[in-house]
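The values are calculated or read from the model by the stated rules, or taken from the named source; none is laboratory data. Remember, predicted model here, so these are calculated numbers, not experimental data. Backbone-built Cβ (ideal geometry, glycine too); neighbour counts: all protein chains shown. Protein only, heavy atoms only, side chains kept; ligands, DNA and RNA dropped before computing areas. Shrake-Rupley method; radii C 1.70, N 1.55, O 1.52, S 1.80 Å.
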Amino acid sequence: MSTTEQDLDGLASEFAGLRAHLTAVAYRLTGTVSDAEDAVQESWLRLAGLAPGKRAEIRDRKAWLTTVVSRICLDRLRSAAVQREQYVGQWLPEPIVTPLEGAPGENPLDVAVRDEGIRMAAMVVLDKLTPEQRVAFVLHDAFSVPFGEIASILGCSPEAARQHGSRGRRAVDDAGPPLRTTLEEQQALLEKFMVAMMTGDIQAVAEALHPDVVLIGDSNGKARTSRQIMVGGDKIMRFLQGLLRKYRPGSFESAVPVLVNGDLGLYMPPNPGDDGHIALDAHVNTFAISGGRIIAIYDCANPDKLSRVPSAGTGTRQASPDVKP
């Protein structure tokens, strides 16, 4: 093996150790798994493509790679803002579905979702920020990147970068996404809610839902869900009861408990309709809980965002495409 090949092998090993960190940065910045993985892969290609002398000049490869990934993600964010003008209905971050049972995996995405900042409620709030606010806030508050380095990524002064971060932090604080509750608390509330829905126990449903609960559906017009944000326990309860009447009995009983961005959620596999009932599209539901009640329901039905969810009953996430090294 040549010296160059040995150097690249060592570099690849070092990069593999940083992949989970870089994936967490990229996903939190973009909210899209494919964009996050593409950004991480591109950062590797740029590092490996440097001449050995140039690589030797990099004093902190973790910081260098974080900067590269952040710049790529900033470009994606800016272009995504234009693309979403044509998006049908609401837009939710792409859910990351990981095993519910067994030892936590060591896939970069499995590692990333252990961070509370990647729970769906927090990601939804991040999506309300401008690209500059999001980059400044996430890099500084979540990953302790100095504002001087953030300024070089954003192409602005350190003071302007600080202002972007401050505005992003203020927006997140004002939105107040609830903290993650334990899986045991989530399971108890979710079971209560589902049983109440299936049995038509209106009082129990009302007790499980916060009066100001919101439901956000994401399908891009490719599946059935609410296109507008729904607010209020009574309104959402009536909406969910209407769904139970429209779809074939048993459709919702096939829901598979999974972890979605580290929280308990449900994967509902597609279910063909018959006898006058509508066919059920595949859905991934995530729930935000506050004060022992469901305060938000996130319903992702866009098939483009569900290519990685588990097959019914497996409880495991489909493997990501091979990414080198």
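Some notes on this structure:
- Angle in degrees between helix 33-48 and the longest Cα principal axis of the chain, rounded to the nearest 10: 10 degrees
- Angle between the chain longest axis and helix 183-199 axis [Cα atoms, degrees, rounded to 10]: 30 degrees
- C-alpha long axis of helix 3-30 to longest principal axis of the chain, angle in °: 40 degrees
- Given (1) 39, 22, 17; (2) 31, 27, 23; (3) 30, 26, 19, the label whose value is semi-axes √(5λ) of the Cα gyration tensor in Å derived from this model: (1)
- Measuring with a 1.4 angstrom probe and ignoring ligands and nucleic acids, T181 comes out at about 40 Å² accessible.
- D234-T182 pseudo-label distance in nm [points 7 Å out on the Cα-to-Cβ vector]: 3.6 nm
- Note on the chain: dipole from Cβ charges, positive end direction compared against G292, A136, Q41; the farthest Cα belongs to A136.
- Only Lys, Arg, Asp and Glu carry charge here, each on its Cβ (+1 for the first two, -1 for the last two); on that basis the stretch 1-139 has a dipole of about 500 debye about its Cα centre.
- The chain, helix-only ellipticity at 222 nm - DSSP H runs n ≥ 4, -39,500 (n - 2.57), divided by all residues, nearest 500: -15000 deg cm²/dmol
- On a per residue basis, the stretch 168-305 carries 47 Å² of accessible surface, using protein heavy atoms and a 1.4 Å probe.
- Within the listed set T182, T30, T67, the residue fluctuating most in the Gaussian network model of the chain (springs between alpha-carbon atoms under 10 angstrom) is T182.
- Overall, the accessible surface of the chain at a probe of 1.4 angstrom is composed of carbon and sulfur to the extent of 51 percent.
- Förster radius 41 Å - calculated FRET efficiency between A204 and S166 (Cβ-Cβ, nearest 0.05): 0.40
- Largest to smallest accessible area among D141, D263 [probe 1.4 Å]: D141, D263
- Surface calculation, 1.4 Å probe, protein heavy atoms: H21 sits at approximately 40 Å² accessible.
- Residue of V231, V97, V284 that the Gaussian network model of the chain assigns the largest fluctuation, springs spanning Cα pairs under 10 Å: V231
- When only the Cβ of Lys, Arg, Asp and Glu is charged (+1, +1, -1, -1), the dipole of the chain relative to its Cα centre reaches about 700 debye.
- Solvent-accessible surface (1.4 angstrom probe) belonging to M120, in square angstrom, nearest 10: 10 Å²
- In Hz, Karplus ³J(HN,Hα) per residue of the stretch 287-293 (6.51, -1.76, 1.60; θ = phi - 60°; x = Gly, Pro): 10, 9, 10, 9, x, x, 9
- Cα gyration tensor category, rounded, prolate or oblate, for the stretch 66-108 with a/c compared to 1.5: oblate
- The label-point distance for E42 and D60, in a model that sets each label 7 Å from Cα toward Cβ, rounds to 2.3 nm.
- Most mobile listed residue (G117, G155, G31) in the chain, GNM with C-alpha springs under 10 Å: G155
- Residue pairs, from the table K54/K305; K128/K222; K128/K305; K192/K246; K246/K305, whose Cα atoms sit over 27 Å apart: K54/K305
- Calculated FRET efficiency, L50 to S144, Cβ-Cβ distance, R0 = 35 Å: about 0.90 to the nearest 0.05.
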